[in-house]
Each structure stands twice: as structure tokens, then as C-alpha cells.
1. Tell me which residues come under 5 Å, amide H to amide H, from B:I72 once H is placed; ignore anything under 5 positions away on its chain.
2. Using only alpha carbon pairs under 8 Å that are at least six residues apart, calculate the relative contact order of chain B and give it in whole percent.
3. Students often forget the sequence filter, so: which aspartates and glutamates lie under 13 Å Cα-Cα from A:K84 once same-chain residues fewer than 8 apart are removed?
4. State the Cα centre-to-centre distance between segment B:52-98 and segment A:22-77 in whole Å.
5. Dividing the Cα convex hull volume of chain B by residue count, how many Å³ per residue is that?
6. Which of the trypsin sites (Lys or Arg not before Pro) across segment A:31-122 are loop residues per DSSP, with 15 or fewer other Cβ within 10 Å?
7. For chain A, which DSSP H helices look membrane-span-like by this rule: Cα extent along the axis of 30 Å or more and mean Kyte-Doolittle of at least 1.0?
8. Have a look at B:I8, B:L86, B:I101 and report the one farthest towards the positive end of the charge dipole of chain B, computed about the Cα centre with Cβ charges (Lys/Arg +1, Asp/Glu -1).
Amino acid sequence: MGTIFIYASYSKILDPVSFSSNIHNYGVTIIYIENLISLILPWIELFVGIGLISGLKYEASVDISIYMVILFIFLITQAYLRGKSIDCGCFFNDISPEDAATKRFDMLKRIIEDIVFLILLFTLKYSINKKN
Amino acid sequence: MNYRLKDILIIISIATLVGIGRSLILGDIPIIKYPIKQISSDELSDNTSHKPRIIKLDQCKLMFDSKRAVFIDARDSISFVDGHILGAINIHFESNSDDRIIEKLDGISNDNFLIIYCSGGDCDLSEELGNHLFEYFSYTNILLYEGGFPEWEGRGYPVENE
């Protein structure tokens, strides 16, 4: 799980400008804070990833990652339901049916992926609680 | 305070500091993003240097009729061939190298008005291309037409396909 978070944070840290326009594509934020989120969020992902692997601030890392994955699931799902691609920010109705089908499938795949991550993270959290 | 909550706050604070610090040191992205300004009709004949601005349909038509702007289609080549604003040049940012872009813009001077459009709605291809042409090619009168091809075509304004 930690590796996944570090891997996900890497390209966003290097290119906050594209990440900021991705955030814009979700269509839920006001424009003024989009850059700020794109600057901070990838670092949280990186630290959480390191935390999950090294065990440093482990419990906090598990908690934050659960919140983040829930947030991602919510954000992608709302875009999906509104018929909006988060890849290009375009609406499925405006692009060719083949493109729309691929993009729809990609988003669905990411939602399912995130749900699997969430289950894994809850297993981690459960094992912490059991130990305490 | 609950230890876990304290740790969560520590992680978020460090991430915030690093993120903001990075922006201040590298200066590649402003911390606060402002919406793009819209050009006023008086400024349509003023070609002093500006960051990319937004242009509305009626202003676009004015520039088109008086041939004072070069139209650039930022969509992919398939959409372009399907139909585009009459006389527009196709530059799909992701599939063109900088050399190709220079070739396509050959003969267009840096203070020329460039009107860049894509497929309207939330399409940001035109914005990406506009920022790139402004930053790396020093085009100083870039106008982004947000209504894009669907709005233009919907009004029955001149289009062509090839």
C-alpha cells in the first residue's frame, strides 16, 4: 500500500501544474485553491506512503490514507455519475462514443481499485486495533 | 491531545510547508490560482504584451471578419479534419514537438493575435497550448476562445473540413 501511495505522489510532485488542472477537471473546487491543493496533497501522499512502509507515525498514516481513499472514491464517483471525464475534463456527450467508452471504463476501474485499497487499509487499521 | 490526531496534524503541516516552500523556491506554480482575465473590446486593437486572456464569441467573430487574428485549433487532428473554423491551424499540444510548433507558426509575428480554441465546455487543451506559446515562444497576444468549435459551428459561422 505504501509503495502505491509513493508511486502515485511522484509524478504529481514533479508536475503540480498538470495536477492542478486535473483537480479542476473534477469540477468540485473553487479555482483559487486548486494550486494550493496540488502543492500539498502529493506530499501528504508521499509521507503517508513512507509511514506505511517504515512504520514511522504508522497509525496516523493509516488513518490519513483511509480518509484520502474515501475522498478519491467520492470525487471520481461524482464525476462519473455526472458523465464527466476526469482525464480531459470533457463531458462524455461531447467526445466520440469510442473515446467515451474507454474513459468511462478507466474511471470505473479506478473506482474499483480504490475500493480494494480501502478494504486493505481497513484490514491494516483493524490489525492495529487488535494489537492495542 | 490524542497522539494519533497529533501525528496526523504533524504530517499535514509538514506537507503544507514543503508544498508551499517548493512553490516559493522553484516559482513554477503560483500558490493561489486566479481565473483568466477576459479581454475588453477596446483592447482588441491594442497589441501590447499580455498574459493569455479569454475572448467571447462576438469578439471572436469581429476578429475573424477583420482578419486580425490567426485561429489555432488545439484539438486532435481527427476532430480537426472533421471540421474546424475556416482558416484555422491545427496544433494539438501533446502530439507536436516544439520544432513542429515553430514550423506551423512560421511567419506569424509574436505580437499577432492568436485565438486558440478547442471543444468548449471544460476542455483545457487551448489553455495548455496558450500558456506554452506564451511562456516558451513569447507570443504576447494570446486569446482563449472558451466556447470553442461547437459554439462557433452552432452559430453557423464559417467552418471547413478537409
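Every read-out reported here was derived from the displayed coordinates using simple, explicitly stated rules and does not represent laboratory data. Given the structure is predicted, the values throughout are model-derived calculations rather than measurements. Neighbour counts run over all protein chains shown; Cβ positions are idealised from the backbone, glycine included.
1. B:I89, B:I115, B:I116, B:Y117
2. On the way: 227 pairs, mean separation 42.9, N = 162.
It comes to 26 percent, rounded to a whole number.
3. Leaving aside aspartates and glutamates fewer than 8 places away in the same chain, those within reach of A:K84 are A:D94, A:D99, A:D106, B:D122.
4. Computed from Cα coordinates, the inter-centre distance equals 37 Å.
5. 165 Å³
6. Counting only loop positions with at most 15 other Cβ atoms within 10 Å, the trypsin sites (Lys or Arg not before Pro) in segment A:31-122 are A:R82.
7. Details: long enough: A:31-54 (35 Å, 1.70); A:58-81 (34 Å, 1.53); A:97-131 (51 Å, 0.14).
Membrane-span-like by this criterion, though nothing is claimed about a membrane: A:31-54, A:58-81.
8. In chain B, that residue is B:I8.
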